[in-house]
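Read the figures in this text as sums done on the coordinates, not as results from a lab. Please read all numbers here as calculations on a predicted model, not as lab measurements. Using ideal geometry, Cβ is built from the backbone for each residue, glycine included, and neighbour counts are taken over all protein chains shown.
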Amino acid sequence: MKSELINRVEDKIAETFLLAQKQFGKVFELPKLSFELNSSHVAGQALLRDWMIKINPEFLEQYPDQVISRTVPHEVAHLVAFNVYPHAKQGHGPEWKSVAVKLGTEPTRCHSMHLPEKQPHTYICNCRKFHVSNLIHRKIQNGQRRFCPMCKKNLVYLSSVPLSNSIEFDGIKT
């Protein structure tokens, strides 16, 4: 990941915490920062007890301005709300919403950013190849059995490959 993006995220975290200090009259310790968030839906995450913010590097690279201007303050608001209102129900409740507004960010819980579909995994049987999603792949790897609808043989993992000219059959892309 580009160091320029990392610096922009760090700067936005510091800027947002400075605003929080002014708004709440408290000194906040800057959180740990991680870019180890692997999800096709979650752009950021605040780990309250670890006092850490995780940013999804794929979202940051695809949508740097949105992640820095909206996701980072959103996650800072979670940490600040946890500190200021420790007995409140955490999440996106009224306390978090009031903190988010005071920090100048919209008190919404969802974003509209989308990542391209993850590359599927290839499985084979006696008669064909199947390209399956990460979710189906994990289920198979965790012991769930999938069978070919044609030859009725158990699917066997071949590799991770790019999706190309696949059709979906019973939840399995072929």
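Please determine, in degrees from 0 to 90 and to the nearest 10, the orientation of helix 3-24 with respect to the longest principal axis defined by the Cα atoms of the chain, where the helix direction is its Cα long axis.
It is inclined by approximately 40 degrees.
Fewest first, what order do ASP11, ASP65 take by the number of other Cβ atoms within 10 Å? Don't jump to the answer; show the numbers that get you there.
On the way: ASP11 12, ASP65 8.
Going from sparsest to densest Cβ surroundings: ASP65, ASP11.
Only one of the listed values, (i) 7, 11, 9, 8, 7, 6, 6, 6, 5, 5, 5, 4, 4, 4, 4, 3, 3, 2, 1, 1, 0; (ii) 7, 18, 12, 7, 6, 6, 6, 5, 5, 5, 5, 4, 4, 4, 3, 1, 0; (iii) 9, 31, 22, 17, 15, 6, 1, was derived from the coordinates as P(r) over Cα pairs in 10 Å bins from 0, in percent; which label is it?
Here P(r) over Cα pairs in 10 Å bins from 0, in percent agrees with entry (iii).
Output the relative contact order of the chain, whole-number percent, from Cα pairs under 8 angstrom with separation of 6+ residues.
Numbers: 240 pairs, mean separation 27.9, N = 174.
Relative contact order for the chain comes out at 16 percent.
Mean separation of Cα pairs under 8 Å and 6+ residues apart, divided by the residue count of the range 3-102: what relative contact order is that in percent? If you can, show how the numbers build up before the last one.
Details: 115 pairs, mean separation 25.4, N = 100.
Relative contact order, the range 3-102: 25 percent.
Sum up the charges of everything whose Cβ sits under 11 Å from the Cβ of LYS139, counting Lys and Arg as +1 and Asp and Glu as -1, but leave LYS139 out. Walk me through the numbers on the way to the answer.
Working: positive: ARG138, ARG145, ARG146; negative: none.
So the environment of LYS139 carries a net charge of +3.
Which of the GluC sites (Glu not before Pro) found in the range 39-140 are in a DSSP loop and have at most 13 neighbouring Cβ atoms, other than their own, within 10 Å? Mind showing how you got there, number by number?
On the way: sites: GLU58, GLU61, GLU75, GLU95, GLU117; in loops: GLU117.
Listed in order of number, the matching sites are GLU117.
Can you list the trypsin sites (Lys or Arg not before Pro) in the range 44-80 that are in a DSSP coil and have 11 or fewer other beta carbons within 10 angstrom?
Values: sites: ARG49, LYS54, ARG70; in loops: ARG49.
Filter output for the range 44-80: ARG49.
Under 14 Å from the Cβ of ALA14, count the other residues' Cβ atoms, weight Lys and Arg +1, Asp and Glu -1, and hand me the total.
Values: positive: ARG8, LYS12, LYS22, LYS32; negative: GLU10, ASP11, GLU15, GLU29, GLU75.
Combined, the nearby Lys, Arg, Asp and Glu give -1.
Roughly how tilted is helix 72-84, in degrees to the nearest 10 and between 0 and 90, from the longest Cα axis of the chain?
60
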